[in-house]
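Visitor: One structure is given below, represented as structure tokens, and several questions about it will come after.
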Amino acid sequence: MKLPVSIFRIFDKPDAPARGGENAPLPAPHVALGQRGEAFAAAFLERAGYALVAANFALPVGRNLRGAIVNAEIDIVAYEGETLCFVEVKTRASDWFAAPEQNVDRRKQRQITRAARVYRRTFGLNHTPYRYDVVSVILPPATDAQPAPNPRIELLRNFWTDAKFRKRYWSDAGTES
């Protein structure tokens, strides 16, 4: 199995500070929540036996109707055995309104599918089995009764397939596991 060498941001500890040093401005609360969720998800996946390759992998996937370059980001790229996994992490403070994975809608799935296709083509992984996973993370806020509540993390393997987005001219048809 050939692993790409491009590791962009792999997390060592779930509570590791974001990049930027001591004088960096603090991120917005929702961004900080997402970063903490991605750190917990990465640690969870490593404990589950995934080999992490890249995190927050951003790449251009094409142009829009106005000709502007469209970029997409894959939260985590990892291998589970021989299968290349493109993982979307969704973090929320609670699931009172909706589960985090409900926000991985058709538009988001299409965006990740396009990014994954470019990723596979860029690294010569067109014939490698792959799938799309979602990690749902719920990080409840601290309370007086529980100052450090435990996160709830759920791995949803093979959350969607790219068959609904496949074009007839794609040469890598049928490589999805």
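Visitor: Taking only the Cα atoms of region 86-159, how large is their convex hull per residue, in Å³?
Guide: 96
Visitor: May I ask for the net charge around Lys164, where only other residues with Cβ less than 10 Å from the Cβ of Lys164 are counted and Lys, Arg are +1 while Asp, Glu are -1?
Guide: +2
Visitor: State the Cα centre-to-centre distance between region 78-105 and region 106-130 in whole Å.
Guide: That distance is 16 Å.
Visitor: Using a 10 Å cut-off on Cβ atoms, rank the peptides 65-76, 132-143, 101-112 from the highest mean neighbour count down.
Guide: Output ranking for 65-76, 132-143, 101-112: 132-143, 101-112, 65-76.
Visitor: Under the Karplus relation 6.51 cos²θ - 1.76 cosθ + 1.60, θ = phi - 60°, what is the ordered set of whole-Hz ³J(HN,Hα) values for region 34-50, x standing for Gly and Pro?
Guide: Going residue by residue, I get x, 5, 5, x, 5, 5, 4, 5, 4, 5, 4, 5, 4, 5, 7, x, 6 Hz, with x marking Gly and Pro.
Visitor: Got a sec? Which residues in region 85-113 would a label at Arg152 touch, if it sits 7 Å along Cα→Cβ and we count backbone N under 19 Å?
Guide: Correct set: 89-104.
A short reminder: the numbers here are calculations on the coordinates, not readings from a lab. Predicted model, so just to flag it, every value in this text is computed and none were measured. As a convention, Cβ positions derive from the backbone with ideal geometry for all residues, glycine included, and neighbour counts pool all protein chains shown.
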